[in-house]
Each structure stands twice: as structure tokens, then as C-alpha cells.
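Everything on this sheet refers to the single structure shown next.
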Amino acid sequence: MTGSKLRVAVTRKLPDATEREIAALFDARFNHSDTAMDAAALIGAVRDADVLVPTVTDRITADVIAAAGPQLKLIANFGVGFNHIDVAAAARRNIAVTNTPGVLTDATADIAMTLMLMVTRRALEGAKVIEAGRFSGWCPTWMMGVGLRGRNLGIVGMGRIGEAVARRSRGFGMTIHYNNRTRVTAAVERELDATYWPELDAMLPAMDVVSINCPYNTSTYHLFSAERLARLKPTAFLINTARGEIVDEAALAEALSSARLAGAGLDVFEHEPQVHPKLPGLPNAVLLPHLGSSTIEARTGMGRKVIANIRAFIAGEALPDRVG
Ligand code: DGY
């Protein structure tokens with residue numbers, strides 16, 4: 001340690017305000033090149049850090065954790081999803097893990113709505129027409145999409161972000177349905193006029209749009225398998241702003257290209273940053289490069305949460321956002 005300052009290793013460039021505060025408070029090590037760290041670089045970072053601040057682009061595996069020096073006591077993730085961290089391996093080494101819930105809810109729900117509107121109203125296809133200089137004038141039957149009013153929206157994972165998507169979708173006149181391990185409170189169900197489906201397979205065939213908002217873990221890997229995708233109506237749209245691994249991307253590409261599914265809006269991919277080669281170019285697929293939390297408000301809020309968790313750790317207080 002430098003004096004009493006904690007050594008904090010940050011794996012990626014963070015918003016300026018966050019980096020300034022981290023630099024002022026801690027003995028900070030930043031990744032000035034801002035490239036995703038490979039296993040060797042991560043192992044180098046955890047060898048002498050007291051706190052690691054990783055992001056979704058880092059694989060904090062059991063091997064990385066095993067290489068950590070005994071001083072590493074906290075992994076303060078910059079992001080809400082923590083499937084890239086082996087939390088069980090961290091627990092075995094008595095290393096706490098925190099995340100950044102809440103501050104990116106609005107930004108992520110907004111991206112889900114962006115995708116929903118873009119894919120149902122064929123906005124990307126339309127924009128490409130303009131870009132290619134092929135717009136020859138308004139036409140009564142050209143480029144018709146489908147409206148959202150009166151459509152059934154099925155939310156898979158009714159946590160903070162799922163609820164925020166539901167609230168927004170109500171404003172567009174959609175009817176809310178949801179599948180979740182547990183039922184939300186009666187007050188939330190009433191507010192959203194939401195119907196609970198304990199069985200995902202029962203809900204899917206009745207939905208016009210499905211929004212994936214559940215966490216990724218071993219039980220949600222390929223939750224949307226080929227069989228499950230086949231339960232959706234051919235007129236349905238699938239939106240994924242959660243994690244790519246929840247959907248079998250090859251099966252989805254197949255369903256979209258054979259018109260067994262009307263469209264998909266994806267912000268996340270199974271093998272990021274790779275995208276399944278059959279997805280780009282499909283007219284009924286809108287693909288965004290993991291923009292869910294990419295607003296200045298959300299990203300600086302995430303930075304504030306990281307710092308609050310580290311400060312609580314230093315003060316010996318309960319960590320506000322502990323997940324492991
Ligand atoms: C999150 O916070 O989980 C976002 O996907 C970025 O990590």
C-alpha cells in the first residue's frame with residue numbers, strides 16, 4: 001500500500017469523473033490502453049491489488065482468482081451483471097464481490113424500447129434506404145411495420161430492468177405478461193396490470209413481443225433454445241438486453257432467416273464481441289453493440305456505486321451491493 005491508501009486496479013477506462021475520484025481516493029492503477037485484459041494481464045493486476053474493478057469484458061475465472069495475492073479482498077464490478085466473475089471461487093478465497101444495480105435500469109430499459117420500436121417499425125431498414133440513396137418517395141404500402149398498441153409483451157425476468165421495460169411499454173399501450181422465478185408484489189402487478197406466468201413455455205406462444213431481462217447463470221444458458229424459440233409465434237419479436245448466452249444465437253439466426261420469427265432486437269451476443277455471422281445483414285434483426293448502460297448518467301452512476309462499495313469496504317461496513 002502507499003501510505004494508508006488501498007491499491008485499486010481498474011481494468012478499463014472509466015468515465016473521467018469516476019477515474020478522477022478513484023485517483024484521488026486510492027492508489028489507483030488504470031488501464032490507459034483501454035483494451036480488454038486477457039488472463040495474463042488480469043493475473044498481473046490481481047497479484048498486488050487490494051481491490052479489483054473489472055467490467056463485463058474481463059473473465060475473472062477461478063484461475064485468475066487463484067493467482068491473486070492474499071491482499072485482494074474485494075472485486076468491485078463496474079456493471080450490474082456479474083456472470084463473468086467466478087463468485088464461488090472468490091468466496092473460497094474470502095474475496096467479496098459487488099456490482100452496480102439500479103443506476104443503469106433506465107438506460108437499459110430505454111435500449112430495450114429502442115430495439116422494440118426499431119424492429120417492429122423497421123427503422124433500421126428505413127435508415128439504410130436513405131443512406132443508400134434509394135428513397136424514391138412515400139408509398140401507401142411500402143415498409144409497413146406493426147404497431148405496439150394492444151400487443152402482448154412477455155417479460156422474462158421481472159427485476160428492476162424488467163419492471164422498467166413494463167412501465168415504458170404500458171405507455172405504448174401494450175399488455176404486460178411476465179415469467180419470473182417468483183411473483184412480484186401485488187402492488188406492482190396492479191400498477192402494471194401484469195399477468196404472471198409461472199411456466200415460460202406456457203407464456204411464449206401467447207406473446208407478440210418477448211423481452212429478455214433475466215440474469216445469465218447456469219440455469220439460463222440457452223434458455224431460448226431452438227425448441228423454445230419454436231414456441232414463439234412466427235409474428236413475434238424477441239428483444240434481448242440481458243446477456244447473449246441466454247439465447248442460442250445460431251438457432252435464432254436460423255429462425256429469423258427462415259421467417260419462423262418476425263424479428264429480433266439484440267444488444268448482447270453469445271460470444272461478444274463476435275456476432276453470429278448469420279445475424280448481420282438480416283433485414284429483421286436490429287443489432288446494437290452492448291449499449292444498454294451507455295449513457296453518461298448510467299456510467300457515472302456505476303462509477304459512484306463502485307466507489308461507494310470500496311469506501312464501505314475500507315470503513316468495515318456492510319457492502320451496499322454485495323453479490324458474493
Ligand atoms: C451490465 O452492467 O451488466 C452491463 O451489461 C455492462 O456490464
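Per the 1.4 Å probe, what fraction of the accessible area of the chain, in percent, lies on carbon and sulfur atoms? Walk me through the numbers on the way to the answer.
On the way: 8300 of 15060 Å².
Carbon-and-sulfur percentage of accessible area, whole number: 55.
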Helix 160-171 sits at what angle to the longest principal axis of the chain, using alpha carbons and giving 0 to 90 degrees rounded to 10?
30 degrees
Computed curve, the chain, Cα-only Debye sum without solvent term, log₁₀ I(q)/I(0) at 0.09, 0.16 Å⁻¹, is -0.52, -1.28
Place a point 7 Å from the Cα of L25 along the Cα-to-Cβ direction; which residues of segment 47-62 have their backbone N under 18 Å from it?
49-55
Modelled label-to-label distance, V146 and D63, 7 Å Cα→beta-carbon offset: nm?
4.5 nm
Using alpha carbons only, what's the Rg to Rh ratio of segment 88-161 with Rh from Kirkwood?
1.24
All-pairs alpha carbon distance profile, segment 1-108, 5 Å steps from 0, percent
2, 13, 24, 26, 20, 11, 3, 1
In order over segment 242-249: 3J(HN,Hα) from phi, Karplus 6.51/-1.76/1.60, θ = phi - 60°, whole Hz, x for each Gly or Pro, gives 9, 9, x, 5, 6, 10, 6, 5
With a cut-off of at most 12 other beta carbons within 10 Å, and DSSP calling the residue loop, which trypsin sites (Lys or Arg not before Pro) in segment 82-166 qualify? Please list them.
R134, R149
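Show me the ranking of peptides 30-39, 260-269 by mean Cβ neighbours inside 10 Å, starting with the highest. Walk me through the numbers before you get to the answer.
On the way: 30-39: 13.9, 260-269: 23.4.
Top to bottom by mean Cβ count within 10 Å: 260-269, 30-39.
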Taking 7 Å along the Cα-to-C-beta vector as the label spot, tell me the F172-A202 distance in nanometres, rounded to one decimal.
2.7 nm
Placing each pseudo-label 7 Å from Cα in the direction of the beta carbon, R183 and S294 end up separated by a distance in nanometres of 4.0 nm
Residues of segment 57-92 with amide nitrogen under 18 Å from the 7 Å Cα-to-Cβ point of H271?
57-59
Spatially proximal lysines relative to K128 (Cα-Cα < 26 Å; intrachain offsets below 8 disregarded)
K278
Dipole of segment 192-233 (Lys/Arg Cβ +1, Asp/Glu Cβ -1, origin at the Cα centre): which of P215, L229, M203 lies farthest to the positive side?
L229
Given a 1.4 Å probe, the accessible area of the chain per residue, as a whole number of Å², is 46 Å²
Estimated dipole of the chain in Debye, rounded to 20 [Cβ of Lys and Arg +1, of Asp and Glu -1, Cα centre]:
380 debye
Put Y178, Y196 in order of accessible area, largest first, probe 1.4 Å, and you get Y196, Y178
Would you list, by chain and number, the lysines whose Cα falls below 18 Å from the Cα of K13, excluding same-chain residues fewer than 8 positions away?
K305
Residue by residue through segment 143-152, what is 3J(HN,Hα) from phi via Karplus (6.51 cos²θ - 1.76 cosθ + 1.60, θ = phi - 60°)? Round to whole Hz and write x for glycine and proline.
6, 7, x, 10, x, 8, 4, x, 7, 8
Rg from C-alpha atoms of segment 201-324, normalised by the globular rule of thumb 2.2 N^0.38 Å, equals 1.29
Nonlocal amide H pairs with V286, under 5 Å, H built at 1.01 Å
A264, G265, L266
Alpha-carbon centroid distance for the pair segment 104-170 / segment 198-240, whole angstrom
18 Å
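With a Förster radius of 56 Å, plug the Cβ-Cβ distance of I314 and L117 into 1/(1 + (r/R0)^6) and report the FRET value to the nearest 0.05.
Working: r = 44 Å, r/R0 = 0.79.
Step by step, r from the Cβ atoms, then E = 0.80.
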With θ taken as phi - 60° and the coefficients 6.51, -1.76 and 1.60, list the Karplus ³J(HN,Hα) couplings across segment 107-124 in order, rounded to whole Hz; mark glycine and proline as x.
4, 6, 5, 5, 5, 4, 5, 4, 5, 4, 5, 4, 6, 6, 9, 6, 5, 5
Report the charge-dipole magnitude of segment 169-324 in Debye, nearest 20, computed about the Cα centre from +1 at each Lys and Arg Cβ and -1 at each Asp and Glu Cβ.
300 debye
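The values are calculated or read from the model by the stated rules, or taken from the named source; none is laboratory data. Worth saying up front: this structure is predicted, and the values here are computed from it rather than measured. Please note: Cβ atoms are built from the backbone with ideal geometry, for glycine as well, and neighbour counts cover all protein chains shown. Side chains are part of the model used for accessible areas, which takes the heavy atoms of the whole protein and leaves out ligands, DNA and RNA. Shrake-Rupley method; radii C 1.70, N 1.55, O 1.52, S 1.80 Å.
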